[in-house]
Amino acid sequence: MKNPVKFKTAINLALQRALKKDKDILLMGLGVGDPKNIFETTTGLQEKFGKKRVFDVPCSENALTGICVGYGLKKKAILTHQRFDFMLLSFDQIINNAAKIHFMYGGNLQSNITIRAIVGKGWGQGPTHSQNFQAMLGSVPGLKVYFPFNSNDIFNILYHSIFDPNPVIIIEHRWLYELESKIKFQKKIKSVEKVSSGNKGTIVCIGNTVLDAYILKKIFSQKKIKFDIIKILSINPLKVDMIAKSVKKTKNLILLEPTHKSMSVSSEILARVHTSGVLFRSKIISNEEMSVPTSFYLSDKVYPQIKKTVKIICNFLSINSKFDTSKYSYKLHDIPNKNFRGPF
Amino acid sequence: MKYRKVLQNLFLIRKTEELISKEYHKNIFRCPVHLSIGQEAISAAINFVFNSKDLAVSSHRAHAHYIGKGGNIKNMFAEILGLKGCSGGIGGSMHLTDKSVGFISSSAIVGNSIPVGVGLSLSQKMENKKNLTLIFFGDGATEQGVFFESVNFSALKNLPTLFICEDNKYSVYSSLSVRQPENRDILKVVKKMGIEAIEADGNNIFQVIKTYQKAKKYIFSKKKPFFIKFNTYRYVEHCGPYDDDNLNYRPKKEIKRWKRKCPISFFSNYLVKKNIMKNKQIVALEKEIENYIHNLYKNSKNYPRPNFSTTKKLIYNEKSR
Ligand SMILES: Cc1ncc(C[n+]2csc(CCOP(=O)(O)OP(=O)(O)O)c2C)c(N)n1
Ligand SMILES: [Mg+2]
């Protein structure tokens, strides 16, 4: 097998590995088995494992989630949504059933269900195709919520989630699908990972903002400024020990939030690190407090653009903000790169 | 029947959608578009039966319903261009509105606007006037629980709701065969829930108009909701401007059969055969509408870009009551 692999290929490989291991696993979702196969993540699986196990479904998100919960009481189910926004229809089943089934029945029941939810961005996805309520999910007891960044993250998180007896939601960002990295089977999922070291500050990033953190690393290396960069993989449960330890050293905490600031994962991290007794300064960099408008002339102001982010960080650290960001700023903010033609 | 006006309406929709399709490759419409090419008759007939006090809501595929209801086309172009159009550039192609003609809203979430339409008809019932609400949705939307819940409520409260399902046989690339049991008959289902339901050829505008008239008469005489299923077919890809028949998710024969049933050629042929209009006149009208649409489009490009800070002020309605 060729390694490194793309994020979307890593999904496919994890699904294959799981479907092969347990013949009772079902994989379903709108578009599974269609010519585009959920942005090529389920390609070939129906051919390999049959239509009884890998299949397309009616437009019935809420019922299907409940159906997966029921199937998951006996066996294992994987459900996919091409947008996080479509999963909103099924919050009753997720929260009132899946998340508390083990608890509510005194530990006598468990439902083995894994839900993939893809977050959209760009090309006018607009107010109802670009949402990510990760913090809302993070507040639900009994639910596990992951937001993987690279191919290795998704490969291991997805595979192990399928066999986790708890309900798991995996948030995937559409703009990470074409990125390549090496995958290696791990025995366990990491919930948080330090990906770079430095003393100037601690940068905490999640999912798609990990990409921003790597870009910031490159930009700040122009003046040999280094950060501790900590990648959050598990939003629920959320662990902040590693962050607290780093902040104790750096005294500066910068949080790159993938959504907006209010009631966010970043503000939660901030509060928890604060109550751990460490003294530090902090800055959250996030979307504007609003739904994302469709217009190209508005959306650039909702998402933090890299040039502005650098400025904010320099201000925060009281350092000169002369950095060359040109390589990382596209004129067209609504596409991941100039060769990308969709689908979004 | 105002034949010329009917043909004009058909062309208005077709030419608008074709223009978007032709211009899309220039990357100036920077948002998803779901075109109604092939499904025009259902929308072109609206204004021959209903008036601007009758309300309408629609789905992600809403351009045709918006235009058919008399919505301002320039405002719609501007909206899709990301300018300050009918929804301030915030909603885009999938969230259109023109209150002045009763086109209330369209939604990008499948099934999402169906109960909203029922709520509008509830408000109409409270007003005790002779108006109704048209709810446009696809075959896929009838798989959502909210569809059945809405039908149930409308039947329970005897609301002036007209449910209009455009059955184009597909939800994205998925055929009915992977989504519904073979003999599921939505007409029988809603009938058993207490709503009168009929099926009609959505590509034959005579049938569409007749069906609307029948529905309207029923809704006001019986004071009950009505359900129509129009059989139709989409000619271009689900989302986007191009033909995607190379993907082979629809049988070639089926595509061919439906393209032969083009709602516009059907109506044009009828006019020629019955000597109502000459082919030359039809071609001239088509050209005239094409130019008209092109001009609207050109003018829509002069709309201002939406301003961020005023846009942000719209999150809450700060107007005092
Ligand atoms: C709740 C929800 N699920 C899935 C989608 C993705 N989606 C957008 S349009 C569409 C197809 C719906 O088919 P249908 O109702 O028949 O309408 P058509 O596109 O054929 O006009 C789907 C599945 C969505 N927008 N909302
Ligand atoms: Mg359809």
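The values are calculated or read from the model by the stated rules, or taken from the named source; none is laboratory data. A quick note: this is a predicted structure, and the numbers were derived from the prediction, not measured. Here the Cβ positions follow ideal geometry from the backbone for every residue, glycine too, while neighbour counts run over all protein chains shown. Ligands, DNA and RNA are stripped out before the accessible areas are found, and what is left, the full protein with its side chains, is counted by its heavy atoms. Shrake-Rupley method; radii C 1.70, N 1.55, O 1.52, S 1.80 Å.
Side notes on the structure shown:
- Occluded residues from segment A:108-130, i.e. those whose accessible area drops by 50 Å² or more once the chain is not alone (1.4 Å probe): A:Trp123, A:Thr128
- Solvent-accessible area lost in complex, 30 Å² minimum, residues of segment A:27-61 relative to chain alone, 1.4 Å: A:Asp34, A:Pro35, A:Lys36, A:Asp56, A:Pro58, A:Cys59
- With 24 Å as the limit, the listed pairs A:Lys75/A:Lys187; A:Lys6/A:Lys51; A:Lys301/A:Lys331; A:Lys2/A:Lys76 have A:Lys6/A:Lys51; A:Lys2/A:Lys76 beyond it between alpha carbons.
- Nearest 10 degrees, 0 to 90: helix A:61-74 Cα axis against chain A principal axis: 70
- Accessible area (Å², per residue) of segment B:3-320, counting only protein heavy atoms and a probe of 1.4 Å: 44
- Dipole-positive endmost among B:Leu156, B:Ile209, B:Tyr235 within segment B:3-320 (Cβ charges, Cα centre): B:Ile209
- With Cα atoms, 0 to 90° folded angle of helix A:306-317 axis to chain A main axis: 60
- DSSP assigns beta bridges within segment A:5-181; of those with both partners inside it, close to 10 percent run antiparallel.
- Global geometry of segment B:174-230, whether rounded, prolate or oblate, following the gyration tensor of its Cα atoms and the 1.5 cut on a/c: oblate
- Relative to the Cα centre, the charge distribution of segment A:5-181, modelled as +1 at Lys and Arg Cβ and -1 at Asp and Glu Cβ, gives a dipole magnitude of about 480 debye.
- Near A:Ser291: Cβ cut-off under 11 Å, other residues only, Lys/Arg at +1 and Asp/Glu at -1. The net charge is -2.
- Residue order by solvent-accessible surface for B:Tyr170, A:Tyr328 is A:Tyr328, B:Tyr170, largest first, with ligands and nucleic acids left out and a 1.4 Å probe.
- Measuring between their Cα centroids, segment A:267-344 and segment A:8-86 lie 33 Å from each other.
- If the chain linking B:Asn299 and B:Lys273 were pulled fully straight, counting 0.36 nm for each residue of separation and taking away their Cα-Cα distance, it would gain 5.6 nm.
- Whole-angstrom gap from segment B:252-270 to segment B:95-110, using each part's C-alpha centre: 29
- Antiparallel beta bridges, as assigned by DSSP with both residues in the protein assembly as shown, represent about 15 percent of the total such bridges.
- Local net charge near B:Lys125, Cβ-Cβ under 12 Å (Lys/Arg +1, Asp/Glu -1): +4
- Taking the square roots of 5 times each eigenvalue of the Cα gyration tensor of chain B, largest first, gives ellipsoid semi-axes of 27, 26, 21 Å.
- Sparsely packed GluC sites (Glu not before Pro) within segment B:145-206, loop by DSSP, other Cβ within 10 Å at most 15: B:Glu182
- The accessible surface of segment B:3-320, taken with every protein chain in place and a 1.4 Å probe, is 52 percent carbon and sulfur.
- Summing +1 for each Lys or Arg and -1 for each Asp or Glu among the other residues whose beta-carbon sits under 14 angstrom from that of A:Leu89 gives -4.
- Kirkwood-Stokes translational diffusion coefficient of the protein assembly as shown, alpha-carbon pairs, 10 °C, 1.306 mPa s, µm²/s: 59
- For GluC sites (Glu not before Pro), the sites in segment B:235-321 that DSSP calls loop and that have at most 11 other Cβ atoms within 10 Å are B:Glu318.
- The tail of the calculated P(r) for segment B:30-70, taken as Cα-Cα distances beyond 15 Å, holds 39 percent of the pairs.
- Restricting the trypsin sites (Lys or Arg not before Pro) of segment B:180-281 to loop positions (DSSP other than H, G, I, E, B) with no more than 15 neighbouring Cβ atoms within 10 Å leaves B:Arg184, B:Lys223, B:Lys274, B:Lys278.
- Acute angle (nearest 10 degrees) that the helix A:7-21 long axis makes with the longest principal axis of chain A, alpha-carbon atoms: 30
- Only the Cβ atoms of Lys and Arg (+1) and of Asp and Glu (-1) were treated as charged; on that basis the dipole of chain A about its Cα centre amounts to roughly 1480 debye.
- Sulfur and carbon atoms: percent of accessible area, chain A [1.4 Å]: 54
- Convex hull volume per residue, computed on the Cα atoms of segment B:159-300, equals 175 Å³.
- The residues of segment B:273-321 listed by number as losing at least 40 Å² of accessible area in the complex, against the isolated chain and with a 1.4 Å probe, are B:Arg305, B:Phe308, B:Lys312.
- Positive-end residue of A:Ile101, A:Thr250, A:Pro237, charge dipole of chain A with Cβ unit charges: A:Thr250
- Farthest toward positive dipole pole in the protein assembly as shown [+1 Lys/Arg, -1 Asp/Glu at C-beta], among A:Ile154, B:Phe103, B:Met193: A:Ile154
- B/A buried area, accessible surface, summed, 1.4 Å probe, Å²: 2800
- Averaged per residue, segment A:192-328 has 46 square angstrom of accessible surface, using a 1.4 angstrom probe with ligands and nucleic acids left out.
- Charging the Cβ of each Asp and Glu at -1 and of each Lys and Arg at +1, and nothing else, the dipole of segment B:9-128 about its Cα centre rounds to 180 debye.
- In the structure shown, the pairs B:Lys129/B:Lys298; A:Lys231/A:Lys327; B:Lys125/B:Lys261; A:Lys308/B:Lys99; A:Lys100/B:Lys191; A:Lys144/A:Lys248 are assessed against 32 Å; a Cα-Cα span above that value is assigned to B:Lys129/B:Lys298; B:Lys125/B:Lys261; A:Lys308/B:Lys99; A:Lys100/B:Lys191.
- Centre separation in Å (Cα based) which lies between segment A:106-129 and segment B:212-250: 30
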